[in-house]
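The values are calculated or read from the model by the stated rules, or taken from the named source; none is laboratory data. What you see is a predicted model, and the numbers here were worked out from it, not measured in a lab. All Cβ positions, glycine included, derive from the backbone under ideal geometry; neighbour counts span all protein chains shown. The area values use the complete protein model at the heavy-atom level, side chains included, leaving out ligands, DNA and RNA. Shrake-Rupley method; radii C 1.70, N 1.55, O 1.52, S 1.80 Å.
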Amino acid sequence: MRKYGIVDTTFSRIDMGSIAYKIIKNEDEDCEIVRYTVPGIKDIPVAAKKLIEEGCDGIITLGWVGKTALDKYSYLASSIGIIIVQILTSKHIIDVTVHEDEADDEEKLKEIAIDRTIKHAKNLVKLVKEGKNALTKYAGKGLRQGYRDAGEID
Amino acid sequence: MRKYGIVDTTFSRIDMGSIAYKIIKNEDEDCEIVRYTVPGIKDIPVAAKKLIEEGCDGIITLGWVGKTALDKYSYLASSIGIIIVQILTSKHIIDVTVHEDEADDEEKLKEIAIDRTIKHAKNLVKLVKEGKNALTKYAGKGLRQGYRDAGEID
Amino acid sequence: MRKYGIVDTTFSRIDMGSIAYKIIKNEDEDCEIVRYTVPGIKDIPVAAKKLIEEGCDGIITLGWVGKTALDKYSYLASSIGIIIVQILTSKHIIDVTVHEDEADDEEKLKEIAIDRTIKHAKNLVKLVKEGKNALTKYAGKGLRQGYRDAGEID
Amino acid sequence: MRKYGIVDTTFSRIDMGSIAYKIIKNEDEDCEIVRYTVPGIKDIPVAAKKLIEEGCDGIITLGWVGKTALDKYSYLASSIGIIIVQILTSKHIIDVTVHEDEADDEEKLKEIAIDRTIKHAKNLVKLVKEGKNALTKYAGKGLRQGYRDAGEID
Amino acid sequence: MRKYGIVDTTFSRIDMGSIAYKIIKNEDEDCEIVRYTVPGIKDIPVAAKKLIEEGCDGIITLGWVGKTALDKYSYLASSIGIIIVQILTSKHIIDVTVHEDEADDEEKLKEIAIDRTIKHAKNLVKLVKEGKNALTKYAGKGLRQGYRDAGEID
């Protein structure tokens, strides 16, 4: 039985963790899912590491980033951390991040967050279940999460 | 008995270490707390590492960052370091940072520093005592430390 | 028999993976090639690591990066990750990245992507087959991938 | 007997190494001090690492950084390296850096460099001799090196 | 017999590798020198690592960096990588980098590249042959590579 981890934050303004939970459960019915909630994005890497140590085969992290330059530095540090955890454990951590400056109004932000979470939760399950060629038919197709697909350049 | 570590600096203009001490003691009465004071933020990661080697179950770090671009680079390097220590030890290091340019007057800065320290000290105790689902009821609730909560987007 | 890895993404708007596959096969006829498709650039380092664990002698990664400042931070985090994987495994990972802001029109972007992929796939095979002096005759020659060579300064 | 390491550079325009030597000797009379001179800041992390491997209990590094954006990137890379060495060895490396753009005239730069070196050399000895609470009485006091103390916010 | 490594690139517009070779041979007559040519700066860290695994006592790397912001991010990632290799191996990697925006005309760029390569090749040999105090007499002297020395501030 596959085991998935979800890391989310109290900083986020949308409960993306619950959305990810439903999607993963739907895509891989007999799986086990564990959730780890931390204050903010800089706490995500260690939480993902701990879930992998508990036996998770793959992780989705759900970050929310403010608008200031400082928030972006935190995003960079957190991103490097998430990549290092993946390198050390050889497990995928699909990183969903929503930046508050991606949209002017809350409705649009919510749309982005939900769409990105759904699509990346599906990506995670595909990679964990089917492995390295699960997404190959979409290679170069310009897929986007949170936005409409950009599409392939002909 | 749980053991907590506090890392603070002489660069900081507010004694956040003492505030963190009181809050942690209040939230987890029988705990042990050790404190490590270093000159500035770039000295924080190794101090946190050493406290974890002494047996701490979780750490709160209390950084203070100046206004210049150089200070921000130091913040980035320090943040990456704190994340690497967490990854290597699988322990939480809740990182409280106050940036001098977050407010124009000292009174406001002090408010931010105190509020952020109190809330994150409580977060640390919750994570250490109760583990990965201690904060899950607040997931996506838009909690803020140092500021009023942003709240959930409906 | 040499074994090569190709890591590509669904974010990319051009199927550079198939191009890399053909070039590598052509340059090293009896080789084995494995392909790993991930959502985006931040997923590349762990995929490369996993292919090396499967026995690949060298990897080509094919990233596509958006236009925003955030995309560039992701590029930086991903680049650091790819370099760390190389350091830990002592294997080359030739990193082909196309930035959407490298050209104003799609036709030009496509030209860049194809040229860069072809040239770097050949570089990878040379390094894997012939080792550290395979490219020495071109040292200092101002070679460019995706653009016309800059040439040597006389 | 405690052993201290000093890493300085030929890029620096002030011989901060000799100043650090005198201060450390004065603060910890029976100690041993070793000095390692490298070309520039990017060579500092490995030199510090080697001195720790030779048995140093703590290190002071004395960097000098130019005015351009490139110099600042080098500063960032070097800072990350110094932090990683500390994390891997659990030893303090107190990082004194002087940036050429901190002052308009050389006299002021020299004042900054000397003051920063003296104060941080004393910090290093305190941390190595007395450990984690040696500086706690100054926690939150707004101490500055190279400048007048900012002081505590009341 | 000492063994030196040279890592250079095909991206570079000047054959700095051959210059470094001559200087090192001249400064340490009985030494062995190995050269490793890679496409660009992001390939340098792993090549340096491999040369150290082959027994090199010290390395000089010869990078060339374009003018765009993206090139600078690549420079930063590469610099961090080179520093990590040094930390993991405890060997010096003297990093010569020429940035295309350091000069307006090619003649000047060439002068910078040659001067920087010569001076740093000599630095490398000094450090490898004579160790940590080989450069101490120049500490704080404001030496520059690629430019005229800035000199000591009196």
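The set of residues in region C:29-38 being over 13 Å from the mean Cα position of the chain (by Cα), touching a residue at least 12 places away in the same chain (Cβ under 8 Å) and surrounded by fewer than 24 Cβ atoms within 10 Å (Cβ to Cβ) consists of C:Asp30, C:Cys31, C:Glu32, C:Ile33, C:Val34. When every residue of region A:24-43 is checked against the conditions, at least one turns out to be in a strand (DSSP E or B) and either more than 13 Å from chain B (Cβ to nearest Cβ) or among the basic types (Lys, Arg) (or both). Restricting to region D:3-23, and then to whatever is more than 10 Å from chain E (Cβ to nearest Cβ) and assigned to a helix (DSSP H, G or I), can you tell me which residue is surrounded by the fewest Cβ atoms within 10 Å (Cβ to Cβ)? Among those residues, the one meeting the criterion is D:Lys22.
Annotation note: Cβ proximity below 7 Å between a residue of region D:16-28 that is under 14 Å from E:Gly140 (Cβ atoms) and a residue that is charged (D, E, K, R) (sequence gap 6+ or interchain) occurs for D:Met16/D:Asp8; D:Gly17/D:Asp8; D:Gly17/D:Arg35; D:Tyr21/D:Arg35.
Quickly run through region C:52-76 and pick out the residues that are among the aliphatic types (A, V, I, L, M) and either at the interface with another protein chain (Cβ under 8 Å from one of its Cβ atoms) or under 18 Å from C:Thr117 (Cα atoms) (or both). Within region C:52-76, C:Ile59, C:Ile60, C:Leu62, C:Val65, C:Ala69, C:Leu70, C:Leu76 meet the criteria.
For D:Gly146, the conditions (1) within 26 Å of E:Lys141 (Cβ to Cβ); (2) of a type in the set (Gly, Ala, Ser); (3) assigned to a loop (DSSP other than H, G, I, E, B); (4) free of Cβ contacts under 8 Å to residues at least 24 places away in the same chain all hold with the exception of (4). A:Lys49 meets the stated requirement of being touching a residue at least 40 places away in the same chain (Cβ under 8 Å), within 9 Å of another protein chain (Cβ to nearest Cβ) and farther than 22 Å from C:Glu100 by Cβ. Being within 18 Å of E:Asn133 (Cβ to Cβ) and not polar (S, T, N, Q): is that true of D:Ile41 here? So D:Ile41 fails the test. For region B:77-90, the criterion of being facing another protein chain (nearest Cβ under 7 Å), part of a strand (DSSP E or B) and open to solvent by less than 20 Å² (accessible area, probe 1.4 Å) is met by no residue. For region C:44-70, the candidate set comprises residues that are part of a helix (DSSP H, G or I), surrounded by fewer than 24 Cβ atoms within 10 Å (Cβ to Cβ) and at pLDDT 95 or above; within that set, the residue that is farthest from the chain's Cα centre (by Cα) is C:Glu53. I need a count of the residues in region B:137-154 that are at the interface with another protein chain (Cβ under 7 Å from one of its Cβ atoms) and acidic (Asp, Glu). Going through region B:137-154 one residue at a time, the tally reaches 1.
Counting the residues of region B:95-136 that are exposed (fewer than 15 other Cβ atoms within 10 Å of the Cβ), more than 8 Å from every other protein chain (Cβ to nearest Cβ) and closer than 26 Å to A:Val96 by Cβ gives 2.
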